[in-house]
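Working notes for the structure below.
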Amino acid sequence: MHPPFRLDRPARLLTPVVVASPHSGRFYPARFLQASVLDEHAIRSSEDAFMDQLVAAAPGLGAPLLTAEYPRAYLDLNRSPDELDPAVIDGVGRVVQTPRISSGLGVVPRVVSNGRVIYRGKLKRAEAEARIAQIWHPYHGMLDSLMAEARAEFGQAVLLDFHSMPHEALDSVSRPGQRRPDVVLGDRFGASADGEILDALEDGFLSEGLCVIRNAPFAGAFVTQQYGRPSRGCHAVQIEIDRALYMDERRIQPNGNFDQMRGIITGVLDRVIASRPGRVPLAAE
C-alpha cells in the first residue's frame, strides 16, 4: 500500500512549531480514478497543489514537516472520522447533518470544487472505513505524536496547518475598491491559538506586501479544533493562501511567481519559529 503520509524531520529539533500540509497529496489510486465520473485533471481541483513544496524549508529551520500522500478528494484529513456522508456512503444511518456533510465535504468527500460530483454511485461503508483506518488514523496518529513531542521538549506545541484556496473563494469577502485578501489566517476566532502567533504570521505576510485577513471565510475546521488547545500549551492555526499567487489554477501548474512565494513562506516560517522558544532567527545566526 502507498504510505499515508510523508514525514520530513529536521536534523535537530529546534522549535515547538510543527508544519503540516494535509491537502497537497497527489497519489490518486487507479481504482479511485476508475470509480469517478471526473477526469484526472478535474478531480485535482480540490487539491492544495504544490503546498508541500512551498513549505519544504521547514525541516531546515528546525521544524518537522508532515504532508499527506493521498488527495483530499479521496479522504479529507481536515474532517472528523465520523463525518460520514450518507449521500455517498452506503449503509450510513442517521447522522448529525453538519454544513460540511450537507455540502458534500465529509471525511470521504462527495464532491470536489464547484460542487462537481466525484462518483457514479455510492461507496460501500467498508471502503470508507478502510480509507479512514489506513490513512486518517496513521496521519493523525503521527500529527498527535509530533505535537506531544514538541510539548514535551519545549513546553508548548504550535501547529501551522498550510492550505491553499481557489482565487474565487474570496469573492464573498472582497469589497469594491478594497484590495483582495491574499492570505486568510484561521484560529477559530481566537480559540485555537495564542494571539502572538497570529500576530507573527500576519506581520510576516504583511512585510512581504501581502494582504491578510483573519477567520473569514475560513476560521479553521477539524484540525484547528482538535489540536488547538491554548490552555494546554497546544496552538493550531490554519493558513490559507490564494492559489493564484503561485500557480495557474486552470492548468494546475506553478506560475512564474512560485519561487518568490516559496521564499515568502520560508521567511514567514522563520519569523514564527524565531518568535517561539528554542532558537534565534537566521539573520542573527
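Express in nm, to one decimal, how much length is gained between L7 and Q34 on full extension, taking 0.36 nm for each residue of separation and deducting their alpha carbon distance.
Going from the current span to full extension adds 6.8 nm.
How large is the convex hull of the C-alpha atoms of region 56-141 per residue, in Å³?
113
Using r as the Cβ-Cβ distance of R232 and D203, and R0 as 25 Å, what FRET efficiency do you calculate, to the nearest 0.05? Efficiency for this residue pair is about 0.45. Take every DSSP beta bridge whose two residues both sit in the chain; close to 40 percent of them are antiparallel. Placing pseudo-labels 7 Å out from each Cα toward the beta carbon at R26 and I252 gives an inter-label distance of 0.8 nm. Count Lys and Arg as plus one, Asp and Glu as minus one, and take only other residues whose Cβ is under 14 Å from that of L198; the net charge is then -4. Legend: P(r) of region 16-57 from all alpha carbon pair distances, 10 Å bins from 0, whole percents, reading 25, 44, 23, 8, 1. Projecting label points 7 angstrom from Cα along Cα→Cβ for Q134 and A87 puts them 2.7 nm apart. Dividing the C-alpha radius of gyration of region 112-236 by 2.2 N^0.38 Å, with N its residue count, gives 1.29. From the Kirkwood radius over Cα pairs of region 1-150, Stokes-Einstein at 10 °C and 1.306 mPa s returns a whole-number translational diffusion coefficient of 99 µm²/s.
Tell me, what is a quarter of the convex hull surface for the C-alpha atoms of region 172-285, in nm² with one decimal?
Details: hull surface 34.7 nm².
The Cα convex hull of region 172-285, projected and averaged over all directions, gives 8.7 nm².
I want to verify the translational diffusion coefficient of the chain in µm²/s; compute it with Stokes-Einstein, Rh as the Kirkwood radius over Cα pairs, at 10 °C and 1.306 mPa s.
Working: Rh = 19.3 Å.
Stokes-Einstein gives a translational diffusion coefficient of 82 µm²/s.
Computed from the coordinates by the stated procedures, all read-outs in this text should not be read as laboratory data. Fair warning: this is a prediction, and the values are worked out from it, not measured in the lab. For neighbour counting, all protein chains shown are included, and Cβ atoms are generated from backbone atoms with ideal geometry for every residue, glycine included.
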